[in-house]
Amino acid sequence: MSTPVIHVSQEVQDAVRENRPVVALESTIFTHGLPRPRNLDVALEAEAGLRAQGVTPATIGVFNGVATVGLSTEQITELSNTDNIAKASLRDLPVVRALGIHGGTTVAATAFLAHHAGVKVFSTGGLGGVHHGASETFDESADMTTLAQIPILVISAGVKSILDIPATLERFETLNIPVIGYGTTKYPGFYVTDSGFSIGYSVDTPEEVAAVVTARDELGLPQSVLLANPVAADKQLPPEQLDDILARAWAEADKQGISGNASTPFLLDFIQKDTKGLSLDVNVEVYRGNVALGGLVATALTR
């Protein structure tokens, strides 16, 4: 029997068919975003937390070239412990398939695969967006253009703090992607509750989020809805501390001549070391909160 192009686990297939709540989870958070062994702990904790809510987790990644919606615990464990694993965005899926290799899926690839499987809710940490200096480098995340074409709900704590946040919000507007705050009109900045920029709408309950998603589908619109869920104020990095760290991080990147794709891992590593690991703790808190909210919204969508 031939291997399917996209494998959807029986558990996820059954839950989608029976209109039970399902939440998609990306794999780059444990293949690229967190150090071992914490990466595996966080991945399995997210799944366990959803199951405790009565929600089916659909962790998504590429295993031996097969894009998989609903990775098994054994597969998650292997991906978590694989060195130099491919970071698979949507453009990379045919390459990793042809080469038969493992891949951690980004927001763009995860959203595509989740929608293919009929999953309506996707919880992640932070989104990609417009990088500083993009007017010259054209360095923008594929997350944005992909989410303009995939009707799914994406729950995040905003975009990563190292990005050009106002430019990213402008691009979301241009791409007709609605950005809604959960209990706030202050757009979060991943590590911080408030990035300093505002958005036009907020919702206060999972039911209101579900109503927006349903309205989007009734209108036949093709784009994602972005729900910005800020990290709790008492769990965030002190905003003034983050501003200082970012200024020094950018200065060091310039000094070392680091630019382009190398910028993001350099800056995130700088922040982690400078905060003595506190930024990792915030990262985990962000993810934990978004996964829990995803479970509530997925449940509301089944009512």
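The values are calculated or read from the model by the stated rules, or taken from the named source; none is laboratory data. Source: prediction; values computed, not measured. Backbone-built Cβ (ideal geometry, glycine too); neighbour counts: all protein chains shown. SASA here: full protein model, heavy atoms, side chains in, ligands and nucleic acids out. Shrake-Rupley method; radii C 1.70, N 1.55, O 1.52, S 1.80 Å.
Within region 194-214, the residues that satisfy the criterion of being within 26 Å of residue 280 (Cβ to Cβ) and surrounded by fewer than 21 Cβ atoms within 10 Å (Cβ to Cβ) are 194, 196, 197. Across region 77-95, the qualifying residues are those that are open to solvent by less than 40 Å² (accessible area, probe 1.4 Å) and not β-branched (Val, Ile, Thr), and the one among them that is nearest to residue 144 (Cα to Cα) is 89.
Of the residues 105, 28, 68, which single one is modelled with pLDDT under 95 and open to solvent by less than 20 Å² (accessible area, probe 1.4 Å)? Before the answer, list the steps.
Details: 105 fails: modelled with pLDDT under 95; 68 fails: modelled with pLDDT under 95.
One residue alone meets the criteria, 28.
Of all residues in region 273-303, which are assigned to a helix (DSSP H, G or I) and either open to solvent by 60 Å² or more (accessible area, probe 1.4 Å) or of a type in the set (Lys, Arg) (or both)?
Keep residues of region 273-303 that are assigned to a helix (DSSP H, G or I), which gives 273-274, 278-301.
The answer is 273, 278, 281, 288, 296.
Residues in region 234-244 that are open to solvent by 70 Å² or more (accessible area, probe 1.4 Å) and either touching a strand residue (DSSP E or B) at 6+ places or on another chain (Cβ under 8 Å) or farther than 16 Å from residue 273 by Cα (or both): 234, 235, 240.
Please work out which residue is surrounded by the most Cβ atoms within 10 Å (Cβ to Cβ), limiting yourself to region 170-193 and to residues that are part of a strand (DSSP E or B) and β-branched (Val, Ile, Thr).
This residue is 192.
List the number of the failed condition for residue 98; all other conditions in (1) open to solvent by less than 30 Å² (accessible area, probe 1.4 Å); (2) farther than 20 Å from residue 154 by Cα; (3) out of contact with any helix residue (DSSP H, G or I) (no Cβ under 7 Å at 6 or more places or on another chain); (4) of a type in the set (Gly, Ala, Ser) hold. Failed condition: (1).
Residue-by-condition table, conditions (1) hydroxyl-bearing (Ser, Thr, Tyr); (2) at pLDDT below 95; (3) under 22 Å from residue 109 (Cα atoms):
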| residue | (1), (2), (3) |
| --- | --- |
| 10 | no, no, yes |
| 16 | no, no, yes |
| 34 | no, yes, yes |
| 41 | no, no, no |
| 48 | no, no, no |
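Of the residues that make up region 192-204, is at least one small (Gly, Ala, Ser) and touching a residue at least 40 places away in the same chain (Cβ under 8 Å)?
Of region 192-204, the ones small (Gly, Ala, Ser) are 195-196, 198, 200, 202.
Filter once more, so that each one left must be touching a residue at least 40 places away in the same chain (Cβ under 8 Å): none.
Scanning region 192-204 turns up no residue that is small (Gly, Ala, Ser) and touching a residue at least 40 places away in the same chain (Cβ under 8 Å).
Every condition in (1) modelled with pLDDT under 95; (2) outside any strand (DSSP E or B) is met by residue 196 except one, and the failing one is (2). Taking each residue of region 75-94 that is of a type in the set (Ser, Thr, Tyr) and at pLDDT below 95 and looking for partners that are buried (at least 19 other Cβ atoms within 10 Å of the Cβ) and part of a helix (DSSP H, G or I) with beta-carbon atoms closer than 9 Å, six or more apart or interchain, yields 89/107; 89/108; 89/109; 89/143; 89/146. Contact annotation: no residue pair with Cβ atoms under 8 Å, 6 or more positions apart or on different chains, pairs a residue in region 166-178 that is over 19 Å from residue 203 (Cα atoms) and free of Cβ contacts under 8 Å to residues at least 24 places away in the same chain with a partner that is basic (Lys, Arg) and open to solvent by 90 Å² or more (accessible area, probe 1.4 Å).
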